[in-house]
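These notes concern the structure reproduced below.
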Amino acid sequence: MLSDIVDLLDDAEAGLLYRIQNDERVLRLVWDATNAAALSDTYAKLRGLSYVASRGLIDDAELDEARYKIDILRELQVIDVRLLVSLDGLPDQTRSSTVDLLAVSTGVAHALNAKLVRLGLADTGGVTFGAVYSSVQITTFGREVLAILR
């Protein structure tokens, strides 16, 4: 992953090493991205983490946002991304049952929906009670995160 970051930065490894040693925020960003990459289960996620980290390293103004996105990417599992892809394929403002979209049990569907809502990647499109979401719709941020993974 560090090699990918260096390539995306179009900078020598020595430049990144210097920044890591001299800027605590850069050290934390690279640390967070590396830890998330160690837990990554797909190459798309690994590539997405490298991309987000490089954006934060190119522009200091984006560094905190990059760390936030890395935390979001770290939490996503393949099934979460499958749901985001399915939701992205629906017309705007359309909600469809997650049970139907992914052919999962009702309990798993509710848990997946709640997770995506908590991360800001999906929205219920209205008021729900007891945090039980049978269907959700993708948010603008959800589409942004999905674009990072594509």
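Residues that are in a helix (DSSP H, G or I), surrounded by 16 or more Cβ atoms within 10 Å (Cβ to Cβ) and either modelled with pLDDT under 70 or not acidic (Asp, Glu) (or both) within the range 1-27 comprise Leu2, Ile5, Val6, Leu8, Leu9, Leu16, Arg19, Ile20, Val26, listed in sequence order. For the range 81-132, filtered to residues that are modelled with pLDDT of 90 or more and among the basic types (Lys, Arg), the residue that is farthest from Leu46 (Cα to Cα) is Arg118.
Every residue, every condition in (1) under 15 Å from Phe141 (Cβ atoms); (2) not polar (S, T, N, Q); (3) not assigned by TED's automatic domain parsing to the domain that holds Ile138, yes or no:
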{"site": "Lys45", "(1), (2), (3)": "no, yes, yes"}
{"site": "Leu49", "(1), (2), (3)": "no, yes, yes"}
{"site": "Val52", "(1), (2), (3)": "yes, yes, yes"}
{"site": "Ala61", "(1), (2), (3)": "no, yes, yes"}
{"site": "Leu87", "(1), (2), (3)": "yes, yes, no"}
{"site": "Gln93", "(1), (2), (3)": "no, no, no"}
{"site": "Ser96", "(1), (2), (3)": "no, no, no"}
{"site": "Asp100", "(1), (2), (3)": "no, yes, no"}
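Does Tyr68 satisfy the condition of being part of a helix (DSSP H, G or I), surrounded by fewer than 16 Cβ atoms within 10 Å (Cβ to Cβ) and outside the structural domain of Val136 (by TED's automatic domain parsing)? Answer is yes for this residue. Candidates are the residues of the range 33-46 that are closer than 11 Å to Leu73 by Cα and in a helix (DSSP H, G or I); the one that is nearest to the chain's Cα centre (by Cα) is Lys45. I'm trying to understand the selection: among the residues of the range 32-72, which are touching a Gly at 6+ places or on another chain (Cβ under 6 Å) and touching a residue at least 24 places away in the same chain (Cβ under 8 Å)? Answer for the range 32-72, where residues must be touching a Gly at 6+ places or on another chain (Cβ under 6 Å) and touching a residue at least 24 places away in the same chain (Cβ under 8 Å): Leu63, Ala66.
The values are calculated or read from the model by the stated rules, or taken from the named source; none is laboratory data. In this text the structure is predicted, and so the values were computed from the model without any measurement. For neighbour counting, all protein chains shown are included, and Cβ atoms are generated from backbone atoms with ideal geometry for every residue, glycine included.
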